[in-house]
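Participant: Sharing a structure below in structure tokens format, with a few things to ask.
The values are calculated or read from the model by the stated rules, or taken from the named source; none is laboratory data. Bear in mind that the values here come from a model prediction, so they are computed numbers and not experimental data. As a convention, Cβ positions derive from the backbone with ideal geometry for all residues, glycine included, and neighbour counts pool all protein chains shown.
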Amino acid sequence: MFRFRSLTVVSAVALSVAMSGSAFAQTVLNFAHSTAQNSHYSMGVQAFGKKLSELSNGKFEIREQAAGALGGERDVIEGLQIGSVELTVSSTGPLGNFVPEALVLDLPFLFKDYASARSILDGEIGQELLDKVSENNLVALAWTENGFRHVTNSSRPINTPADLEGLKIRTMENPVHMEAFRAAGASPTPMAFPEVFAALQQNVIDGQENPIPVITASKFWEVQSNLTLTGHVYSPAIILASPSLWDGLSDEEKGWFREAAKVAVEATRAKVESDEANGVELLRKNGMNVVENVDKAAFQKAVAPAYDTFKAKYGDEMLKRIQAAQ
Ligand code: PAF
């Protein structure tokens with residue numbers, strides 16, 4: 001079911017560098033993600049590295065592998081499972097292909113705002129889902145954040161769902177998102193994120209959808225002229241470790257990684273907040289036409305069939321719990 005692309009970088013756990021003249025051994029760990037250096041994910045990775053280095057007195061150092069340097073999110077998750085990458089922060093885009101229970105989080109218009117999404121993911125429901133992820137040859141350290149997703153394209157301003165008709169919109173490799181865009185009349189085109197900029201530039205696709213922190217960090221204004229603030233789905237992110245790294249750690253060391261993950265979540269959320277506050281203006285300044293007044297109820301209605309498909313396949317127990325919690 002899964003594509004396998006061989007990753008070019010050998011596991012950095014193997015790179016235990018003995019410091020000359022001392023017994024001190026430093027382990028350098030690859031922490032991969034798909035967004036640009038200094039993006040919201042990058043801020044989290046940098047904060048994680050700083051905290052982990054402090055707590056371990058320099059025993060563990062993080063090497064940030066940004067902008068898809070080790071492949072797309074799906075490739076990297078496979079890399080964690082086989083032990084060729086140690087750590088990642090990923091959207092839930094490909095996660096449901098590994099852990100179907102996580103797909104509920106991808107339903108459009110499920111979370112009403114940032115506050116509810118964060119409190120649910122930081123609470124009992126979030127912990128249950130992290131535990132499910134960890135049953136699938138992955139180690140889930142924390143839920144973090146990508147943000148509410150919006151649609152960009154270069155064909156026309158999207159004012160109503162009807163304007164999506166026939167547009168080739170790149171979605172994540174996620175069946176729930178694909179179903180939602182299909183229901184709204186678009187032609188969903190799943191693709192790994194590192195391929196998206198070039199695909200937009202070459203007009204292989206008309207548009208894509210991502211949160212403001214991703215649209216700004218990726219400079220999508222260079223290849224997209226229209227943005228509509230649909231906020232059609234909250235996009236959680238998850239910090240994952242490879243079981244082969246995890247199984248070699250002592251309990252004390254595992255505690256350091258968990259602590260570092262908490263600090264990473266705070267740093268990422270802070271950057272999401274500042275990008276949400278300043279990003280739309282930046283995109284306008286760079287020439288994007290922004291449709292701000294969106295009839296969200298109309299978009300919600302257009303993507304509603306995705307709920308029926310989801311319930312028929314996966315049931316609605318967790319869905320109801322999430323709805324009841326906000
Ligand atoms: O669109 C995606 O694939 C994701 O939102 C991204 C940009 C890789 C961040 O997780």
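Participant: Go through segment 104-138 and report how many residues are crowded, with 22+ Cβ neighbours inside 10 Å, of a type in the set (D, E, K, R) and closer than 16 Å to ILE239 by Cβ.
Facilitator: 0
Participant: Please state which of the following conditions ASN38 fails to meet, knowing it meets all the rest: (1) over 19 Å from THR268 (Cβ atoms); (2) surrounded by fewer than 15 Cβ atoms within 10 Å (Cβ to Cβ).
Facilitator: (1)
Participant: Of all residues in segment 184-234, how many are closer than 27 Å to THR309 by Cβ, within 14 Å of the ligand (Cβ to nearest atom) and charged (D, E, K, R)?
Facilitator: So the answer is 2.
Participant: Working only within segment 189-206, note down all residues that are in contact (Cβ under 8 Å) with a residue 40 or more places away in the chain, over 18 Å from the mean Cα position of the chain (by Cα) and either buried (at least 21 other Cβ atoms within 10 Å of the Cβ) or not in a loop (DSSP other than H, G, I, E, B) (or both).
Facilitator: Matches in segment 189-206: LEU200, ASP206.
The rows are residues; the columns are (1) modelled with pLDDT of 95 or more; (2) touching a His at 6+ places or on another chain (Cβ under 6 Å); (3) not in a helix (DSSP H, G or I).
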residue	(1), (2), (3)
ARG269	yes, no, no
VAL272	yes, yes, no
ALA277	yes, no, no
LEU282	yes, no, no
VAL290	yes, no, yes
THR309	yes, no, no
GLN323	yes, no, no
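Participant: Sort out which residues of segment 97-113 are under 14 Å from the mean Cα position of the chain (by Cα) and charged (D, E, K, R), and write them in order of number.
Facilitator: If the condition is that a residue be under 14 Å from the mean Cα position of the chain (by Cα) and charged (D, E, K, R), then ASP106 is the only one that fits.
Participant: So, one more: Just to verify a result, which residue in segment 164-177, among those that are farther than 14 Å from ASP308 by Cα and within 16 Å of the ligand (Cβ to nearest atom), is farthest from the chain's Cα centre (by Cα)?
Facilitator: Restricting to residues being farther than 14 Å from ASP308 by Cα and within 16 Å of the ligand (Cβ to nearest atom), the top hit is LYS168.
Participant: Pick from GLU101, GLU73, GLU78: which is of a type in the set (D, E, K, R) and buried (at least 24 other Cβ atoms within 10 Å of the Cβ)?
Facilitator: Being of a type in the set (D, E, K, R) and buried (at least 24 other Cβ atoms within 10 Å of the Cβ) holds for just one of GLU101, GLU73, GLU78, which is GLU73.
Participant: Could you give me the residue pairs with C-beta distances under 7 Å whose first residue belongs to segment 138-149 and is closer than 16 Å to LEU229 by Cβ, whose second residue is assigned to a strand (DSSP E or B) and away from the ligand (no atom under 11 Å from the Cβ) wherever it lies, and which are 6+ apart or on separate chains?
Facilitator: If the second residue must be assigned to a strand (DSSP E or B) and away from the ligand (no atom under 11 Å from the Cβ), the pairs left are PHE148/GLY231; PHE148/TYR234; ARG149/HIS232.
Participant: Counting only residues that are part of a loop (DSSP other than H, G, I, E, B) and among the aromatic types (Phe, Trp, Tyr), which one in segment 97-115 is farthest from the ligand (Cβ to nearest atom)?
Facilitator: Restricting to residues being part of a loop (DSSP other than H, G, I, E, B) and among the aromatic types (Phe, Trp, Tyr), the top hit is PHE109.
Participant: Looking only at residues that are without any contact (Cβ under 8 Å) to a residue 40 or more places away in the chain and over 16 Å from LYS112 (Cα atoms) in segment 286-326, which one is surrounded by the most Cβ atoms within 10 Å (Cβ to Cβ)?
Facilitator: The selected residue is LYS311.
Participant: Select from segment 139-163 the residues that are of a type in the set (D, E, K, R) and away from the ligand (no atom under 16 Å from the Cβ) and write down the one among them that is surrounded by the most Cβ atoms within 10 Å (Cβ to Cβ).
Facilitator: Step by step, filter segment 139-163, then rank; the result is ASP163.
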